[in-house]
1. State whether the residues of region 497-506 include one that is modelled with pLDDT of 95 or more, among the hydroxyl-bearing types (Ser, Thr, Tyr), surrounded by 18 or more Cβ atoms within 10 Å (Cβ to Cβ) and touching a Leu at 6+ places or on another chain (Cβ under 7 Å).
2. Select from region 304-333 the residues that are in a helix (DSSP H, G or I), farther than 24 Å from GLY274 by Cα and either aromatic (Phe, Trp, Tyr) or touching a residue at least 12 places away in the same chain (Cβ under 8 Å) (or both) and list them in ascending order.
3. Residues being of a type in the set (S, T, N, Q) and modelled with pLDDT under 95: count how many of those fall in region 237-261.
4. So, of the residues in region 124-158 that are surrounded by fewer than 23 Cβ atoms within 10 Å (Cβ to Cβ) and of a type in the set (S, T, N, Q), which turns out to be nearest to CYS45 (Cα to Cα)?
5. One residue is enough: does region 181-198 have a residue meeting the conditions without any contact (Cβ under 8 Å) to a residue 24 or more places away in the chain and not in a strand (DSSP E or B)?
6. Residues in region 105-114: is at least one modelled with pLDDT of 95 or more, within 21 Å of GLY38 (Cβ to Cβ), among the hydroxyl-bearing types (Ser, Thr, Tyr) and outside any helix (DSSP H, G or I)?
7. Just a yes or no: is a residue in region 570-579 farther than 27 Å from GLY505 by Cα, outside any strand (DSSP E or B) and out of contact with any Pro (no Cβ under 8 Å at 6 or more places or on another chain)?
Amino acid sequence: HPAPDDDPQDCNGHGTHVAGIVGAEGEVSGVAPDVVFGAYKVFGCTGSTTSDVMIAAMEQALADDMDVLNMSVGSAHSWPQYPTAVASDRLVDEGMVVVASIGNEGATGLYSAGAPGLGEHVIGVAAYDNTHIRAAAAEVTQSGETVAYMEMDDATPPPTSGETDELVHVGRGCLAAGDELEGDPEGRTALMVRGECTFTEKYDAAVDAGATGVVIYNNLPGMFAGGGIVDRDAFSVGVSDEAGAHLLELLEGGESVTLTWTGEETTIPNPTGGLISSFSSYGLAADLSLKPDIGAPGGLINSTYPMAKGGYATVSGTSMSSPHVAGGVALLLETRPDLDAHDVRDVLQNSADPTAWWGNPDLDALDNVHRQGAGMLDIPGTVLSTTALTPGKLSLGATEGPVTETVTITNDGDAEATYAIEHEPALGTHGDTFAPDFNDAYAEAVFSADEVTVPAGGSVSVDVTVTPPADEFDQMIYGGYVKVSATDGSGDPVSHRVPYAAYNGDYQAIEAMTPITDDAGVTHDLPWLTRITECEAFFGLDCAGNGGSYENRPDGEAYTLGWVDGLPDVPYVIAHFDHHVSKLRMTVVDERTGRPVHPERDIAVSIDHVNRSATPTAFFAYAWDGTVTDTRGRVTDVRDGDYRLEVRALKALGDPDNADHWEEWTSPVITLARG
């Protein structure tokens with residue numbers, strides 16, 4: 001339970017690391033070392049937090065007259081209507097600039113961005129990998145090669161001297177996925193490859209088999225910062241794919257291989273530096289607004305840490321990119337204190353630098369706008385700029401033909417300036433939400449003028465007409481940039497941009513309420529009427545997402561609405577959503593009459609703005625407690641008897657009056673027998 005006091009001590013290091021990125025001044029220098037901090041603790045030492053706690057902290061920051069609020073926290077796969085996002089928008093209306101991480105759910109595919117970063121007026125921040133990595137160093141005893149490593153979360157740290165036990169390669173170690181350890185780690189150090197399962201599963205599999213330590217090498221280029229491990233008195237470190245390949249080569253050559261701990265640190269180039277981080281969440285937002293807004297370094301950032309945890313640490317996340325932007329905002333406001341909170345994001349986006357596609361930088365193709373927003377934060381460019389483009393971004397929605405928008409170019413310089421206007425397309429995505437494909441089926445953009453001259457202190461507006469790609473890819477999101485560059489040497493020497501993004505085609509064609517296929521390839525035709533067979537409930541009937549197991553009852557079921565054998569005996573409807581849902585309604589129908597139980601009071605479940613499921617096999621569980629409500633919130637118990645639940649899901653941005661925008665399912669018979 002929250003216990004407000006005057007000491008926001010950080011238990012686990014996250015807040016200290018974020019604060020250091022904003023304004024540390026010492027061995028680590030933050031973006032804006034002279035800021036005045038306000039620290040508001042919203043996490044305990046375990047678990048997560050809730051919207052009401054977040055909003056209380058946000059209100060306190062406003063009361064304390066803070067100019068910039070950074071929130072390195074988020075609720076993934078959500079809507080801009082999520083409480084923290086709405087509250088953030090209102091803070092901006094009150095004059096506070098709000099910056100928030102967009103989320104670390106890139107592996108879960110499109111529309112994975114989270115609130116509060118999804119807020120209409122919030123600066124939602126993506127993450128790029130750091131160009132260099134500060135890490136601890138060991139030496140391969142047999143070859144003398146230096147190996148940079150990163151400690152894995154709470155596992156026992158390696159010593160500062162001495163050697164490891166002999167290394168043995170054991171493969172992936174994902175036992176639940178059917179793997180067997182490829183070598184015997186008893187009394188030795190397990191060398192494992194990242195991928196397929198969690199770091200905890202790998203660590204536990206090796207330690208259970210007798211390993212005295214675990215070295216995990218990357219299955220992608222570069223280093224990584226792994227988390228989630230609970231210490232079992234065996235060290236665990238992560239190394240790069242190149243280091244892993246070197247160790248494997250030595251082992252395959254028949255050598256006995258160990259690592260020698262040096263107690264030293266090293267700085268190494270990062271092969272993925274400057275590219276979007278693999279964990280950084282995709283947009284668009286569910287309402288098709290362009291998110292994220294901008295990006296900043298977030299992958300493998302060295303910053304301050306609690307003294308009890310070593311004082312400094314290298315950590316990854318959009319939690320680390322957001323404070324880079326928040327610090328940048330502080331510097332911007334120092335030079336332009338009269339800048340309105342609503343205009344700060346536009347200024348940042350104007351000067352940002354979009355980067356190449358992470359999948360193959362040599363293609364010279366820009367990464368998805370709905371992954372990087374306007375691009376990499378450019379603080380000097382932002383502070384020194386004398387050109388402004390408004391709006392800062394163009395959210396074109398669902399397009400089925402050309403769309404025209406207007407961009408206004410303002411010259412804040414001391415002399416007349418001439419600007420060239422051109423189109424920079426970016427890669428699009430299409431196909432499966434959870435594992436999208438990429439394409440270069442670019443849109444076309446034409447302008448009412450390809451060159452304009454703007455007097456000092458003046459503005460000129462240009463119409464931008466975007467024609468969607470002609471290629472018919474399923475569920476395609478496309479985007480690009482309107483690029484404005486001074487041509488005569490009188491304006492800014494750098495280019496400025498406005499990002500745009502859109503969905504190509506009929507947005508309501510996306511099927512929302514879908515079956516799921518499990519890891520064994522078996523398809524389950526959700527929704528289901530279920531009863532709980534296992535439940536790790538925190539309180540009451542709250543089992544959904546907390547370890548509940550749900551058994552399908554396709555032929556109907558009777559429920560007492562009480563407790564049986566320690567489990568809640570209530571009907572649950574479980575459903576998987578491939579895409580977000582604007583409205584979810586479950587109404588109660590009397591089986592005897594085939595009509596609703598009451599002309600007005602018939603609602604069992606009513607939820608607006610439902611998130612999409614996090615993974616292809618994830619589902620939501622909705623309990624019915626035997627009551628119904630009406631639109632005014634009046635609640636009534638339903639008498640014992642036979643009923644069905646009629647489930648209706650309105651597709652994202654669907655028209656409630658259009659029957660084609662609703663998906664429907666009717667449950668088997670539910671017998672209420674309270675006894």
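1. Yes, region 497-506 has at least one match.
2. Once the filter is applied, which keeps residues that are in a helix (DSSP H, G or I), farther than 24 Å from GLY274 by Cα and either aromatic (Phe, Trp, Tyr) or touching a residue at least 12 places away in the same chain (Cβ under 8 Å) (or both), region 304-333 yields LYS309, LEU333.
3. 2
4. Ranking the candidates gives THR156 first.
5. Yes - at least one qualifying residue is present in region 181-198.
6. Checking region 105-114: not a single residue is modelled with pLDDT of 95 or more, within 21 Å of GLY38 (Cβ to Cβ), among the hydroxyl-bearing types (Ser, Thr, Tyr) and outside any helix (DSSP H, G or I).
7. Yes; the residues of region 570-579 include at least one that is farther than 27 Å from GLY505 by Cα, outside any strand (DSSP E or B) and out of contact with any Pro (no Cβ under 8 Å at 6 or more places or on another chain).
This table checks each residue for (1) crowded, with 17+ Cβ neighbours inside 10 Å; (2) touching a Lys or Arg at 6+ places or on another chain (Cβ under 8 Å).
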| site | (1), (2) |
| --- | --- |
| PRO616 | yes, no |
| ARG644 | yes, no |
| LEU650 | yes, yes |
| ASP655 | no, no |
| TRP662 | yes, yes |
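The values are calculated or read from the model by the stated rules, or taken from the named source; none is laboratory data. This is a predicted model, so every value here is computed, not measured. Neighbour counts run over all protein chains shown; Cβ positions are idealised from the backbone, glycine included.
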